[in-house]
Amino acid sequence: MHVPTIVATIRKALILGLVLSLFLAPGLVIPAAAQGSPLPAVELDCGSDPIMDVHPTSDAEASVTCTVRNPTSASEDISISEVEWDGVLVEMSLSEDSFTLAAGEEDTFEIRFIGQTKIPATVQHSFEIEAKVESWNGLPYGQLPEGFWVANTSHIGDLKIQSYGMVELLLSD
């Protein structure tokens, strides 16, 4: 055999080996979804928008339950904060605002709304809360990479006022 023929044969064998390894390697690796994300991330899932009963005999309260998840492969400290709230006649509060979650763990909290009775049904308040990774695997937020590497999330919702009917009788002297 000539040297150029041997080199060509070795080159073809290497290329064939590389191509086969590219096709077979994914089957040998555990899927990334099963391992958890290797980057800081948080997931937030809140129930349907709350409707507040403001009938004069009610307590004028409403709430929505939210679930916060750590989809990563490391422990995280997560903070929940109010980003936007334009309610004047209604106060919004969080039952909890920080969580320490192990890899793949989740927890729940409530967004509570307390208002006044007799608010007109035309009143509607938008709100937004944010779930933010404060530390990941012991690495504090200031040392986490900026940009798309950290997947913080938010939830936008609307508080609606339920209409009610009531007869009011006024007597004069």
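Miscellaneous remarks
- The set of residues in the range 53-76 being part of a strand (DSSP E or B), open to solvent by less than 60 Å² (accessible area, probe 1.4 Å) and more than 28 Å from Tyr164 (Cβ to Cβ) consists of Thr67, Val68, Thr72, Glu76.
- When the residues of the range 75-110 are filtered to those that are of a type outside the set (D, E, K, R) and in contact with a Lys or Arg (Cβ under 6 Å, 6 or more places away or on another chain), the one that is nearest to Ile156 (Cα to Cα) is Ser93.
- Of note, Ala131 satisfies the criterion of being modelled with pLDDT of 95 or more and not acidic (Asp, Glu).
- Unique residue being at pLDDT below 95, open to solvent by 70 Å² or more (accessible area, probe 1.4 Å) and either farther than 20 Å from His155 by Cβ or among the aromatic types (Phe, Trp, Tyr) (or both) when the list is Gln124, Gln116: Gln116
- Restricting attention to the range 89-113, the residues that are modelled with pLDDT under 95 and open to solvent by 80 Å² or more (accessible area, probe 1.4 Å) add up to 1.
- Within this structure, Pro140 passes the test of being without any contact (Cβ under 8 Å) to a residue 12 or more places away in the chain and not aromatic (Phe, Trp, Tyr).
- Scanning the range 134-158 for residues that are at pLDDT below 85, open to solvent by 50 Å² or more (accessible area, probe 1.4 Å) and small (Gly, Ala, Ser) gives Gly142, Gly147.
- Selection status of Ser81, open to solvent by less than 50 Å² (accessible area, probe 1.4 Å), hydroxyl-bearing (Ser, Thr, Tyr) and within 13 Å of the chain's Cα centre (by Cα): yes
- Count - residues of the range 115-128 that are in a strand (DSSP E or B) and over 12 Å from Asp53 (Cβ atoms): 5
The values are calculated or read from the model by the stated rules, or taken from the named source; none is laboratory data. What you see is a predicted model, and the numbers here were worked out from it, not measured in a lab. Don't worry about glycine lacking a Cβ; one is built from the backbone with ideal geometry, like all the others, and counts go over all protein chains shown. Ligands, DNA and RNA are excluded from the accessible area calculation, which covers all protein heavy atoms including side chains. Shrake-Rupley method; radii C 1.70, N 1.55, O 1.52, S 1.80 Å.
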